[in-house]
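Trainee: For reference, the structure I am asking about is given below.
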């Protein structure tokens, strides 16, 4: 995929109001695990990233009436900063800065300046106040500096492992229907069919190998018509097959359909189908996984994380996961952690780069990674000294 990676995130919504919420200090590397106590904002943090990416889809609607973003990216080794402020569902500030040079800037009312490649100068412009200028003015010839933002946004994938990941969604093949949206995790059956069509037998084989690493020994992965389920299309009274995912496990003759699978098994299968497609078809730059390993036992959740980490490092997509599970925390290196700490409506983030002394000190204590969060080691020597004395 493109060489665009998200590096830092600052965000706020409803600033100055009783229900404001701010996120500051989130910095991301190639592989990231976001941890924190309950209600610190782990899921919300992933939603902030995902919702911004969705705003770059044409005709997107603002999902938050009052919010502000300040993000930095790295594009082929060059820094790119994007700032956005929305008030009453209108853009009041938007700015794109590349290597320290401001190439787009607009304020309240929509008016601003944008750098034009052919003329090598800034031109006045005034896009609609309810649209992003980065979308309305997209032009790879005149404004090529906007392309990395679009490349990143369209290549973000968001999965909630604690959700159903499409378990309750089937497909009815219809000739001439629009192609499946591979950004929608509920369309996993259609994504699987598309992946087989584009990538051939190697795709299903890759998913089966990954499932074997989780001790799900499959001989076959197919689309199948659930027993007794057909669709009648009115008014033509035409019958159509309804397709679902199904697997054949070693030593078992019958197919097991997606509805009959355990939630944990189907969640792993769905995620691996979608991540493998994104990897093999080169379609993802940033993969967000909420509640990774939810519903799986320790061994399987640990192996799933290893598979995802390996794929991210091999393919150069950025992996951002969240968890509440202490066993998952114990399996991911502390260097990949981002610890959320909430005080009222403000969320601060600490990681290895920002609290190196606390992380390094903890390595000598000999406790599990979960203790780093549970005993508040991230806040430095005073907490560490208390924990050692207690031992």
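Trainee: Taking the criterion of being in the same structural domain as residue 290 (by TED's automatic domain parsing), surrounded by fewer than 20 Cβ atoms within 10 Å (Cβ to Cβ), touching a strand residue (DSSP E or B) at 6+ places or on another chain (Cβ under 8 Å) and under 24 Å from residue 308 (Cα atoms), would at least one residue in region 8-20 satisfy it?
Mentor: Yes: region 8-20 contains one or more residues that are in the same structural domain as residue 290 (by TED's automatic domain parsing), surrounded by fewer than 20 Cβ atoms within 10 Å (Cβ to Cβ), touching a strand residue (DSSP E or B) at 6+ places or on another chain (Cβ under 8 Å) and under 24 Å from residue 308 (Cα atoms).
Trainee: Is it the case that residue 88 is touching a residue at least 60 places away in the same chain (Cβ under 8 Å) and assigned by TED's automatic domain parsing to the domain that holds residue 12?
Mentor: Values: touching a residue at least 60 places away in the same chain (Cβ under 8 Å): no; assigned by TED's automatic domain parsing to the domain that holds residue 12: yes.
So residue 88 fails the test.
Trainee: Is region 48-59 home to any residue that is within 16 Å of residue 322 (Cα to Cα) and either without any contact (Cβ under 8 Å) to a residue 40 or more places away in the chain or not assigned by TED's automatic domain parsing to the domain that holds residue 342 (or both)?
Mentor: Yes, that holds for at least one residue.
Trainee: Exactly one of (1) modelled with pLDDT under 95; (2) more than 17 Å from the chain's Cα centre (by Cα); (3) on the phi < 0 side of the Ramachandran plot is unmet by residue 284. Its number?
Mentor: If we test residue 284 against (1) modelled with pLDDT under 95; (2) more than 17 Å from the chain's Cα centre (by Cα); (3) on the phi < 0 side of the Ramachandran plot, just (2) comes out false.
Trainee: Only one of (1) surrounded by 13 or more Cβ atoms within 10 Å (Cβ to Cβ); (2) closer than 21 Å to residue 249 by Cα; (3) in contact with a strand residue (DSSP E or B) (Cβ under 8 Å, 6 or more places away or on another chain) fails for residue 213. Which number is that?
Mentor: Result: residue 213 fails condition (3) only.
Trainee: Taking helices (runs of 4 or more DSSP H) that fall entirely within region 127-214, which contain at least 1 residues that are in the same structural domain as residue 73 (by TED's automatic domain parsing)?
Mentor: Working: elements: 133-136, 147-154, 188-199, 201-213.
Per the criteria, 133-136, 147-154.
Trainee: Sticking with this structure for a sec: Could you list, in sequence order, all residues of region 24-47 that are in a strand (DSSP E or B) and either in contact with a helix residue (DSSP H, G or I) (Cβ under 6 Å, 6 or more places away or on another chain) or within 9 Å of residue 322 (Cα to Cα) (or both)?
Mentor: Scanning region 24-47 gives 31, 32, 33, 34, 35, 36.
Trainee: Quick check: is even one residue across region 93-107 part of a strand (DSSP E or B), closer than 27 Å to residue 332 by Cβ, assigned by TED's automatic domain parsing to the domain that holds residue 139 and in contact with a strand residue (DSSP E or B) (Cβ under 9 Å, 6 or more places away or on another chain)?
Mentor: Residues of region 93-107 that are part of a strand (DSSP E or B), as a first pass: 93-98, 101-106.
Within this subset, residues satisfying the condition of being closer than 27 Å to residue 332 by Cβ are none.
No: region 93-107 contains no residue that is part of a strand (DSSP E or B), closer than 27 Å to residue 332 by Cβ, assigned by TED's automatic domain parsing to the domain that holds residue 139 and in contact with a strand residue (DSSP E or B) (Cβ under 9 Å, 6 or more places away or on another chain).
Trainee: Continuing with this model, one more query. Of all residues being without any contact (Cβ under 8 Å) to a residue 60 or more places away in the chain and exposed (fewer than 11 other Cβ atoms within 10 Å of the Cβ) in region 169-180, which is nearest to residue 264 (Cα to Cα)? Just the residue, please. Spell out how you get there, then give the answer.
Mentor: Applying the first criterion (without any contact (Cβ under 8 Å) to a residue 60 or more places away in the chain) to region 169-180 yields 169, 175-180.
Now narrow it down to the ones that are exposed (fewer than 11 other Cβ atoms within 10 Å of the Cβ): 175-179.
Details: 175: 33, 176: 34, 177: 31, 178: 30, 179: 28 Å.
Per the stated criteria, the residue is 179.
Trainee: Restricting attention to region 109-116, does a residue exist that is farther than 21 Å from residue 144 by Cα and surrounded by fewer than 19 Cβ atoms within 10 Å (Cβ to Cβ)?
Mentor: Yes: one or more hits.
Trainee: Is it true that residue 320 is closer than 22 Å to residue 299 by Cβ and touching a residue at least 40 places away in the same chain (Cβ under 8 Å)?
Mentor: no
Trainee: Just the residues that are surrounded by fewer than 16 Cβ atoms within 10 Å (Cβ to Cβ) and under 23 Å from residue 226 (Cβ atoms), please, taken from region 182-208.
Mentor: Answer for region 182-208, where residues must be surrounded by fewer than 16 Cβ atoms within 10 Å (Cβ to Cβ) and under 23 Å from residue 226 (Cβ atoms): 184, 197.
The values are calculated or read from the model by the stated rules, or taken from the named source; none is laboratory data. Keep in mind that what you see is a predicted model, and the values were worked out from it rather than measured. Cβ sites come from the backbone with ideal geometry, for glycine too, and all protein chains shown count toward neighbours.
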